[in-house]
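What follows is a short report on a single structure.
The numbers here are math on the coordinates, done by the rules we state, and not lab data. Here the structure is a predicted model, which means the values were calculated and not measured. FYI the Cβ positions are ideal-geometry reconstructions off the backbone, even for glycines, and counts take in every protein chain you see.
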Amino acid sequence: MAPTDTWYLVLAALLFAIGAVGLLVRRNPLVMFMCIELMLNAVNLTFVSFASALDDIGGQVVVFFVLVVAAAEVVVGLAIIVAVMRRQPGATADDVAVLRG
Amino acid sequence: MVELIVFLIAGTIVLGGAFGVILNSNPVHAALSLVATLFGVAVLFIAQDAHFLAAIQVIVYAGAIVVLFLFVIMLLGVDQAEQLEVEPLTAQRPVAILAGVVLAGFTLVALLAGGSTITGQKSVRGDIARGEDAVITNVDQIGRVLFTDYVLAFEITAVLLTIAVVGSVVLARKLHSNERSLVGDDGETTTPFADEPGEAVR
C-alpha cells in the first residue's frame, strides 16, 4: 500500500493549520516568523503533490520561486525585527504598535 | 510498503517538529524543531521524485534560513525561555485554536469528501522524471523549464534578491552619530545591543 497524493495533501493541510495556530498564539516575533515558514512549507508540499499527480514540472518550478521569495522575506523581516528589538529589547508582537507615528 | 513507511516516519517528523515550533517556550528549541520539519518535508519531496527541490530545501531552508534565525536569536539575546503561561489577551488562545481546528476541518472535508481529490488536465509538456530509468533527470527537467518558460520570472527573482539585500542592510545598520541627531537625542539608540553586535551586522 503506497501513500496516494491525498495523503500528502492531508499532511500539508495539517501542517498549514498548525502553522496558522502558532502564528495566532505566539507573541515572540521570531517564533511567529517560524510559523510562517511552516505554512510556506505546507504550501510547497501541496505544490509538489499536485506536480506529481498531474505530471507537471511547473509545480516544482513554482516551489523554487516560493523558496526564493521566502528567503528574501526572511532576510527583510529579520532585519526589521533586529531594528525593533534594538530600540526596545524584549519587544513582542504588540509592541510594534509603538511604531505608529 | 517502503513508501508507506517513509511517508509515516517523515509525516511524524514533520508534524512533531511543527508542534515543537509552536509549543517550545525557548526560541532556540523552536528553531531546532523547525529544522526537523524542514528535513521531513525534504524527505517527502524525495518520495515524490522532486530531487532538486529536496536538495534546495536542505541547503536553503535548513542551511541558510534557520541559521539566520539562530543568528538573530543569539544577536538579540532572546534565547531565554518565554513565559507561555501568561495570556495578555483573554480568549486569544481558545479562539486561535478554534480557528485552526476549523481551518484544518474545512480543508480536510474539502480534500476527503470528494471522490477524486485532484482534478485537472495532465501536463502537455510530458511526464515528470520518475525513478531510476527516467530518460531525463529531475534537475535537468527543472533547469530546462526554468530557463525557457519561466526565464522572466527567474530574472525578476534576481532583482527581488538584490532589493532584499539592500533593504536588510539599510534596516539593520547602526545609525551614524550625525544621523542620530536627526532621530532625536533621547538615548534610545544606546541600548546594550546597539554597540558591539551593531558592528557585526554592519
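Using the Cα gyration tensor of the range B:1-133, with a ≥ b ≥ c the square roots of its eigenvalues, what is the shape: rounded (a/c below 1.5), prolate (a/b larger than b/c) or oblate (neither)?
Judged from the Cα gyration tensor, the range B:1-133 comes out oblate (a/c at least 1.5, b/c at or above a/b).
Would you calculate a helix-derived [θ] at 222 nm for the protein assembly as shown, using -39,500 (n - 2.57) for each DSSP H run of n ≥ 4 and dividing by the full residue count, to the nearest 500?
The per-residue figure over the protein assembly as shown is -22500 deg cm²/dmol.
Could you check which residue among A:Gly59, A:Gly90, A:Gly22 shows the biggest mean-square fluctuation in a GNM of chain A with a 10 Å Cα cutoff?
Of the options given, A:Gly90 has the highest mean-square fluctuation.
Let me check against my output: what whole-number percent is the relative contact order of the range B:1-137, with C-alpha pairs under 8 Å and at least 6 apart?
Relative contact order of the range B:1-137: 20 percent.
Let's test the formula: R0 of 41 Å, r as the Cβ-Cβ distance of B:Glu155 and B:Thr90. What FRET efficiency results, to the nearest 0.05?
Efficiency at R0 = 41 Å is approximately 0.25.
Checking the a/c ratio against 1.5 first, then a/b against b/c, what shape does the Cα gyration tensor give for the range B:11-74?
oblate
Is the range A:1-64 best put as rounded, prolate or oblate by its Cα gyration tensor, with a ≥ b ≥ c the root eigenvalues, rounded for a/c under 1.5, and otherwise prolate when a/b is larger than b/c, oblate when not?
It comes out oblate by the Cα gyration axes.
In chain A, which trypsin sites (Lys or Arg not before Pro) fall in coil by DSSP and have 15 or fewer other Cβ atoms within 10 Å?
A:Arg100
Size of the dipole of chain A about the Cα centre, Lys and Arg at +1 and Asp and Glu at -1 on the beta carbon, nothing else charged, in debye to 20?
Using Cβ point charges on Lys, Arg, Asp and Glu, chain A gives about 580 debye.
Angle, helix A:29-54 long axis vs. longest principal axis of chain A, Cα atoms, 0 to 90°, nearest 10?
20
On a 0 to 90° scale, report how tilted helix A:5-25 is relative to the longest principal axis of chain A, with both axes built from alpha carbons and the result rounded to the nearest 10.
10
In nm, to one decimal, how far is the modelled label at A:Arg87 from the one at B:Gln83, with both set 7 Å along Cα→Cβ?
In this crude label model, A:Arg87 to B:Gln83 measures out at 2.5 nm.
Among A:Val62, A:Ala79, A:Met39, whose Cα projects farthest towards the positive end of the dipole of the range A:25-90, with charges put on the beta-carbon of Lys, Arg (+1) and Asp, Glu (-1)?
Ranked along the dipole, the leading option is A:Ala79.
Just checking the output field for A:66-74: average partner chain Cβ neighbours within 10 Å of each residue's Cβ?
Partner-chain Cβ atoms within 10 Å, mean over residues of A:66-74: 6.
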